[in-house]
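The values are calculated or read from the model by the stated rules, or taken from the named source; none is laboratory data. Because the structure is predicted, anything quoted here is derived from the model rather than measured. We place every Cβ from the backbone using ideal geometry, glycine too, and count neighbours over all the protein chains shown. Heavy atoms of the whole protein, side chains included, go into the accessibility calculation; ligands, DNA and RNA do not. Shrake-Rupley method; radii C 1.70, N 1.55, O 1.52, S 1.80 Å.
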Amino acid sequence: MKIINADVFQNDHGFVRQDILIHGEYLVDEADYKNTGRSEECVLNYGSLKAIPMLVDIHFHGCDGVDFCDGTQEAIQKIADFELSKGIGAICPATMTYGEEKLAGIARAAAQHQNGRGADLVGINMEGPFISSKMKGAQNGAYIHKPDAEMFARLQKAANGLFKLCDIAPEEEGALACIEKLSTHTVVSLAHTSCDYETAQKAFAAGASHMTHLYNAMPGIHHRMPGPVAAAWEAGADVELIADGIHVHPAVVRMTFQLFGDDRVILISDSMEATGLPDGQYSLGGQDVTVTGKRAVLTKSPDTIAGSAANLMDCLRTAVRYMNIPLVSAIKAAAYNPARCIGVADRYGSLHAGCYANILFVDDDLHICHMIHKGKSLF
């Protein structure tokens, strides 16, 4: 397949007018394309649309009435199908705070999943249980566990290596030693923490390199108590942002892109099972959630946000259209940066030769007009 005269997103150059060359499931360069023979070549022209890579969501919980922590093949497949329909080509869903037995069952289900349809499951984000009870947010405090490298190793074995991120509150007992062990092979993220600036500094020195849903479930920035956000900036950490219009004020989203740069910001959805469904009563991590519009809160504690009801494509549109984030920066933050963070940028998040041909053709309002997934056109 050849798409001619396309306005193609390139990570380092913005949009470039060029052809897109596809052979089988992959994007190829001109030399390799010429060698294919092209006996059944299909030539398309989407010159009025922009071509961007399918997005990569590395932190969300569910959608379309199911949760990743349901721990079933049916739930994972339903999530994968929904995510692909919204332009997300690769997913790294997050676990909630549960006991080890429950987490092991979720891990085994993920390891058994075959990426035959829908968005590819490329990893797991372990959001709990190594968090602070003071900043648990919508996590279930009954299952909070002190950081434990051996427990993580057992879960990683059950997942067949799928855990790409592990969230840790660095002020908890044994946290720094755990960070030092895990960071040699897993991205360690500071999350659900009440830590101060100095403790966060020590965590980054020990090997942490990531911040989970920045500003949420952590101390904010104060001019005399800079907290973990300032420590993350100084350490050059990647930072997640939920740009749903609920979790973080647009001014702070703009400030974060300016402060950290668009190479280090990662847009996430943090979506839960109500995403794609009407307002009503739902569940997250075994707790009741009330959803109104994009806002999801614990039913028993309506001041506590419980994930989001927006998918990542929604967040991308919100960031660009309503928060005034430059389009190129937002696309990098929703596609390449998350793929690079979890080590899958050789296949996902970009439109360069060697990656899967996962392409969205969008109009000026970022509505998806056409998509190609692994070389196949999806209307």
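Some observations on this one:
- Answer residue from the stretch 290-301, given it is without any contact (Cβ under 8 Å) to a residue 24 or more places away in the chain and either of a type in the set (Lys, Arg) or at negative phi (or both) and is most open to solvent (accessible area, probe 1.4 Å) among those: Lys300
- Only listed residue being in contact (Cβ under 8 Å) with a residue 24 or more places away in the chain and over 28 Å from Gly161 (Cβ atoms), chosen from Ile266, Ile359: Ile359
- Where strands (runs of 3 or more DSSP E) fall wholly inside the stretch 25-92, the ranges with 1 or more residues that are among the polar types (S, T, N, Q) and either free of Cβ contacts under 8 Å to residues at least 40 places away in the same chain or surrounded by fewer than 22 Cβ atoms within 10 Å (Cβ to Cβ) (or both) are 43-45.
- Residues of the stretch 359-379 that turn out to be in contact with a Pro (Cβ under 9 Å, 6 or more places away or on another chain) and open to solvent by 10 Å² or more (accessible area, probe 1.4 Å), as a count: 0
- Residue identified as open to solvent by 20 Å² or more (accessible area, probe 1.4 Å), in contact with a helix residue (DSSP H, G or I) (Cβ under 7 Å, 6 or more places away or on another chain) and not β-branched (Val, Ile, Thr) among Leu259, Leu190, Leu241, Leu214: Leu259
- Looking at Thr275, Thr304, just one residue is surrounded by fewer than 24 Cβ atoms within 10 Å (Cβ to Cβ) and touching a residue at least 12 places away in the same chain (Cβ under 8 Å), and that residue is Thr304.
- All of (1) touching a residue at least 40 places away in the same chain (Cβ under 8 Å); (2) assigned to a helix (DSSP H, G or I); (3) open to solvent by 10 Å² or more (accessible area, probe 1.4 Å) hold for Ala142 with one exception: (1).
- Filter pass, Lys134 being open to solvent by 10 Å² or more (accessible area, probe 1.4 Å), assigned to a helix (DSSP H, G or I) and either of a type outside the set (Phe, Trp, Tyr) or closer than 24 Å to Tyr336 by Cα (or both): yes
- The stretch 307-325, subset of a type in the set (S, T, N, Q) and over 19 Å from Val66 (Cβ atoms), residue nearest to the chain's Cα centre (by Cα): Thr318
- Within the stretch 217-236, being closer than 22 Å to Ala345 by Cβ and surrounded by 23 or more Cβ atoms within 10 Å (Cβ to Cβ) holds for one residue alone: Ala232.
- Qualifying position, being over 16 Å from Met313 (Cα atoms), part of a loop (DSSP other than H, G, I, E, B) and not charged (D, E, K, R), among Gly116, Gly105: Gly116
- Ala158 vs. criteria of a type in the set (A, V, I, L, M, F, W, C), at negative phi, out of contact with any Cys (no Cβ under 7 Å at 6 or more places or on another chain) and buried (at least 21 other Cβ atoms within 10 Å of the Cβ): no
- Qualifying residue in the stretch 317-324 (condition: touching a residue at least 60 places away in the same chain (Cβ under 8 Å), within 26 Å of His185 (Cβ to Cβ) and open to solvent by 10 Å² or more (accessible area, probe 1.4 Å)): no
- Every condition in (1) crowded, with 20+ Cβ neighbours inside 10 Å; (2) within 30 Å of Val362 (Cα to Cα); (3) out of contact with any helix residue (DSSP H, G or I) (no Cβ under 8 Å at 6 or more places or on another chain); (4) of a type outside the set (Asp, Glu) is met by Ala334 except one, and the failing one is (3).
- Pick from the stretch 161-187, criterion assigned to a strand (DSSP E or B) and out of contact with any Gly (no Cβ under 8 Å at 6 or more places or on another chain), ranking: surrounded by the fewest Cβ atoms within 10 Å (Cβ to Cβ): Val187
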